[in-house]
Each structure stands twice: as structure tokens, then as C-alpha cells.
Amino acid sequence: RRRDREVSDPAKIREIIAACHCCRLGFADGGKIYIVPLNFGYQEEDGQRTFFFHSAPEGRKIDLIEKTHCAGFELDTHYQLNPADTAAPIPRGFKASLVWQVEFVREEDAKVAALRCIMRHNTGREDWSFSPQAVESVAVFRLDVEEISAKEHA
């Protein structure tokens, strides 16, 4: 709707993603919406954008992934209220991205790589190791980006 706020430059979109540390994953659940905030890891290989998440191996989110393999995803950063002299709507800054396809990562080496990606995004460190028990006890899933959009309002 607001093309003047659209961000289409891939480098700018990567910058937005890198600045975020919490995302909201939204699922359709029997006519209702279930949204959960998560930390994440992100990688881009050969033009494919992928987000990684970890979770307890059971629960509502896991059930919904198994059922639909589909979710909406939102990021925002640099949020701020801009002061105004009137009670009219207050402009704010925001940036958002959207992705859809969700799949579990089940192979041990791929799970470790995904967990390292999550830790790298959140800490900047590359040197993480995980015990086999830790890897086995956690669910890891990935969102492969089919569509991404971003808007910015200064």
C-alpha cells in the first residue's frame, strides 16, 4: 500500500534482519491465530534466505508446524514513538519481514549447524559446541523464505 516506505534493497533487508533479536512466529490454529516470540539465526546461501529456531520438542507450536508446515514471521527494530503536539496518530519507525515455509531440521549435523547459526546471530561468536544430549533434546526448525517484504518509516 505505501510503496514510498518499501525496502527492496537486499543489503538493507539483511541489515534489518541483523538488527533484530526477537521475532514473532504466527500460526493459523483452527480459525484463531497463535503468535509466539522467538530468538533466531539467519543465513543466506545462493540467494536462499533461511531462518533457524530452536524449541522444546513438544508443545502447541511443534504441533502446528507438524500439521501445516506454514507460518507467518515478523521482525521489527528501531521502534520509537515520535512526540507530537496533538492526539492524532503518532508516527513511528518500523521494519518488518515475512516468511512462510516451515520444516524441521532432524539430522544431527544440520541441527548443530542451525544451533550455531542461532548463537552467532545472538552473540556474534562462532565457536559454540553442543553436547549430543543437548542436540537430541531440542527441536530445531527452519523457515525458508518464499516472500519477504520490509517497510521503513522514519
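Details
- Using a probe of 1.4 angstrom and keeping all protein chains present, the accessible surface of the range 20-78 works out to 53 square angstrom per residue.
- Percent carbon-and-sulfur accessible area, the range 17-56, ignoring ligands, DNA and RNA, probe 1.4 Å: 51
- Taking label points 7 Å from Cα along the Cα-to-Cβ direction, Asp109 and Tyr34 give a separation of 3.3 nm.
- Order by protection proxy (mean Cβ within 10 Å, highest first), peptides 23-35, 119-131, 140-152: 140-152, 23-35, 119-131
- Set the Cα radius of gyration of the range 1-80 against 2.2 N^0.38 Å, with N its number of residues, and you get 1.25.
- Heavy-atom surface of the range 107-154, accessible at 1.4 Å and reported per residue (Å²): 58
The values are calculated or read from the model by the stated rules, or taken from the named source; none is laboratory data. Predicted model, so just to flag it, every value in this text is computed and none were measured. Every residue, glycine among them, receives a Cβ derived from its backbone with ideal geometry; neighbour counts consider all protein chains shown. Calculation scope for accessible area: heavy atoms of the full protein, side chains included, ligands and nucleic acids excluded. Shrake-Rupley method; radii C 1.70, N 1.55, O 1.52, S 1.80 Å.
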